[in-house]
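Data block below; observations after.
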Amino acid sequence: MALQLLQGATHAALAYADPATGAPMISRIALGLDPAGCPVTLISALAAHWPGLRANPLCSVMVGEVGDRGDPLTHPRLMVQARADFVASDDPSRGAMRDHWLAAHPKAKLYVDFADFAFVRLVPQGALLNGGFGKAFRLSDDDLRPA
């Protein structure tokens, strides 16, 4: 279920530390997987989470959608503890990552090559899967790798 939630996500909630205050902050981000299956996002240097992730790469993302009916807390969600790894513009893997990203996020073609945008791998460090009431499981980073 954890891999299904991660593979099906096109956006996520990103938690990071505000570099000015150290206080936790949350942002909605576009989310996908790189060709190797690692969660990745594309962010602008103008976004508030850019300096936060640069100052402290430890972050978390949450994926999972609330269903049309019932208590929102009974629907599955995955919280992934991660380390943000900015991908340099000259990184050899960027071309394949760009193509993979655009296949899932075609509207990003408008800005993917702007100088202030960068791909950021969100390298899993562990996770918590909540499959609904009474169904919570701690996962390792290995549990989030495709077979």
Q: Give me the pairs, please: first residue somewhere in the stretch 17-35 and in contact (Cβ under 8 Å) with a residue 60 or more places away in the chain and small (G, A, S), second residue anywhere and part of a loop (DSSP other than H, G, I, E, B) and surrounded by 15 or more Cβ atoms within 10 Å (Cβ to Cβ), beta-carbon distance under 7 Å, and either six or more positions apart or on two chains.
A: A30/H105; G32/H105
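Quick one: would you say L122 is touching a strand residue (DSSP E or B) at 6+ places or on another chain (Cβ under 6 Å), surrounded by 15 or more Cβ atoms within 10 Å (Cβ to Cβ), closer than 20 Å to V63 by Cβ and modelled with pLDDT under 95?
Details: touching a strand residue (DSSP E or B) at 6+ places or on another chain (Cβ under 6 Å): yes; surrounded by 15 or more Cβ atoms within 10 Å (Cβ to Cβ): yes; closer than 20 Å to V63 by Cβ: yes; modelled with pLDDT under 95: no.
For L122, the condition - touching a strand residue (DSSP E or B) at 6+ places or on another chain (Cβ under 6 Å), surrounded by 15 or more Cβ atoms within 10 Å (Cβ to Cβ), closer than 20 Å to V63 by Cβ and modelled with pLDDT under 95 - is not met.
Here is a check on your reading of the model: is A20 assigned to a loop (DSSP other than H, G, I, E, B), hydrophobic (A, V, I, L, M, F, W, C) and farther than 16 Å from H105 by Cβ?
Details: assigned to a loop (DSSP other than H, G, I, E, B): yes; hydrophobic (A, V, I, L, M, F, W, C): yes; farther than 16 Å from H105 by Cβ: yes.
Spelling it out, A20 is indeed assigned to a loop (DSSP other than H, G, I, E, B), hydrophobic (A, V, I, L, M, F, W, C) and farther than 16 Å from H105 by Cβ.
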Q) Do we find a residue being under 20 Å from R138 (Cα atoms) and of a type in the set (D, E, K, R) anywhere in the stretch 57-73? A) yes
Q. Right, A12: farther than 16 Å from Q125 by Cβ and modelled with pLDDT of 95 or more or not?
A. no
Q: Evaluate the stretch 75-91: report whether one residue or more is surrounded by 16 or more Cβ atoms within 10 Å (Cβ to Cβ), farther than 22 Å from A127 by Cα and touching a residue at least 12 places away in the same chain (Cβ under 8 Å).
A: yes
Q: Might you check whether a residue that is under 15 Å from Q4 (Cβ atoms), at pLDDT below 95 and among the small types (G, A, S) occurs anywhere in the stretch 50-66?
A: yes
**Q.** Index of the failed condition, L3 passing every other in (1) surrounded by 14 or more Cβ atoms within 10 Å (Cβ to Cβ); (2) free of Cβ contacts under 8 Å to residues at least 40 places away in the same chain; (3) in a helix (DSSP H, G or I)
**A.** (2)
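Can you give me the number of residues within the stretch 39-63 that are over 9 Å from the mean Cα position of the chain (by Cα) and either over 19 Å from G126 (Cβ atoms) or surrounded by fewer than 20 Cβ atoms within 10 Å (Cβ to Cβ) (or both)?
We begin by selecting, within the stretch 39-63, every residue over 9 Å from the mean Cα position of the chain (by Cα); these are 42-59.
After this cut, where a residue has to be either over 19 Å from G126 (Cβ atoms) or surrounded by fewer than 20 Cβ atoms within 10 Å (Cβ to Cβ) (or both) as well, the list is 42-52, 54-58.
Selection size over the stretch 39-63: 16.
The values are calculated or read from the model by the stated rules, or taken from the named source; none is laboratory data. This one's a predicted model, so the numbers in the text were calculated from it and none came from an experiment. Neighbour counts run over all protein chains shown; Cβ positions are idealised from the backbone, glycine included.
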